[in-house]
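Let me begin by presenting the structure, written as structure tokens, before commenting on it.
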């Protein structure tokens with residue numbers, strides 16, 4: 001059974017790392033995080049102390065194991081960091097699918113059991129091109145108008161946000177790939193856009209060019225982090 005790293009041990013590790021960095025680069029965490037527009041100048045002692053404390057919290061959260069998150073600050077930061085990583089991963093996945101669709105880089109193969117094998121190229125975190133694949137239930141073209149009209153009529157912000165191509169590609173890959181496949185999305189220059197495809201399938205059901213747009217606001221999950 002693994003033993004969690006204690007808060008004191010984490011603090012000591014953070015002090016060593018920040019001390020080594022400052023010695024090598026003649027800079028400090030506070031200097032890196034100082035807001036140039038904050039108006040505090042070089043003498044912003046309270047702001048610098050707050051920045052240093054936040055930096056230490058972040059480093060402790062990044063290094064702490066799951067068994068060592070008894071400190072409420074570390075626990076809340078770990079949850080927020082995991083949420084951000086998950087959101088960025090989903091965003092990258094959705095964008096990769098949209099890019100593959102628009103460039104005609106997706107292929108579809110019907111499997112013996114009736115499901116659909118989708119293959120598409122995507123760039124991984126290291127910048128390498130890789131072939132990705134996923135298996136989904138096939139959605140007949142005749143069902144698409146009903147599906148899109150039902151979702152477009154939903155007044156909830158979450159449902160409408162999922163009408164954006166990248167969001168739909170993650171939330172409902174079955175519907176996303178059905179639109180790409182049956183409505184002829186992409187295919188290089190002159191290919192049909194995702195919005196045009198949706199309008200062709202369910203004309204007038206929504207303003208497809210703006211249906212998936214939402215205002216940028218601070219996600220509620222970031223409020224989980226409260227420095228103690």
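Principal axis lengths of region 83-201 from Cα atoms, whole Å, largest first?
40, 36, 34
Computed over the Cα atoms, what is the radius of gyration of region 122-182 divided by 2.2 N^0.38 Å, N being its residue count?
Ratio of Cα Rg to 2.2 N^0.38 Å: 1.31.
Every number in this text was worked out from the coordinates using simple rules, so none of it is lab data. Keep in mind that what you see is a predicted model, and the values were worked out from it rather than measured.
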